Every structure is written in structure tokens, then in C-alpha cells.
Amino acid sequence: MPATRTNRLLIGAAAVVGIVAGAAGISAAVAGDGGSDPTPVISREDAEAAAVAEVPGSVVGAEADDEDGRGVWEVEVDGEDGRRHEVEVDDDGAVVGREIDDDGDDDRGEDDTTDDGDDDGSDPALVEGAAVSQGEAERTARAEAPGTVRRTHIEREDGLVVWDVEIDGDDGRQVDVQVDAATGAVVEVDVDDD
């Protein structure tokens, strides 16, 4: 049975839709950053406030993360109970997860066994002894590298206590800015051009 003009148009239209949909998927995959976590809508400050309301203590770090395809904040709190807590806060400001880190590491791939004297930030005294607050360090880091703060933690690096601020730069690059926790000076800027 010969194809009618209508059948040819429908087949052609279906092919075009398939090609466009495939191209859109490829374009989205290429334009993406290869698996970056979605940025939570709630501010880091609001997420930290929710975390401290759940677990009284001092915030030592916050990182944007992906939970089932939605952005959340993972906030690390050194609790008044002497333990490190990871509190997960969603975009509504609700605590949706909470863990206690009893083994002394921060579950972020930091190497606790290095012999260079560096600290992974697990010592609450580092936060309490810092003259520069986490918020001040993040403002300084964003002035150096405009963008969205993805993670901040305090650590001992080469004998200095520094705030290590990881930023998704407005230019699409990942930037790691270290800010001296005593003076507020930028100590190092590391740009990942990959």
C-alpha cells in the first residue's frame, strides 16, 4: 500500500521530534558539569540555623549536596554533646536527615592519617579560636571568586588555621579559596579549569 502524503508527514514529524529530543539530551549532558550537585534554594545561613536548632552546637562546615535529585545542605555541627553531627536540611528548612560521626572523620574524603600536621577541622577549638567567622571568610572568598559557596570547613593547613571555601564560580569554574582564620587574608586560591 503506497504511503500517503499524510503518512509521510507524520513519519517525518516523528523523526524530527526524535532528533530534536535526542539533541536536547546530548546538549544538556554536554552543557552540564558532569554530575555537579544541584544548588539548594535555601540559603546556607538558613540551613545552618535549622541545623543548630536541631543540634545545639557550633557549625564547622556546610556543603550543598544532592538528595534524590534535589538540592540539600549537609551541615556539620560540633554538638554540645561533644560529638560531630551531620544534619541534612532541605529547601523548606526542614531537617530531613541526621547522623552522628563517631569515628572521628568527616565523611568527605579527608585523610585523617596524614603526617603533615594538617587537621581535618574536627577540632571544635579551631572554630571557637578563629578570629574570622565562617560568614566573614565566605564573603572574603566570594569577593575573590564570585559564585555560589558549595562547602566551607575549617582546617589546619601548613601551620595556619584556615577556612577552606569551595565555590562554584559564576564563570563555571570550581574555585577553592583559603582564608586565614586569624587575619581574614586570602592565603591561597586554587582554580580547577577542568
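Just so you know, all these numbers are worked out from the coordinates, no wet-lab data involved. Remember, predicted model here, so these are calculated numbers, not experimental data.
Here are some notes:
- Cα-based Kirkwood hydrodynamic radius, the range 128-194, one decimal, Å: 11.5
- One chain, two ends: Ile100 and Ala143. Fully extended at 0.36 nm per residue, the span grows by 12.1 nm beyond their Cα-Cα distance.
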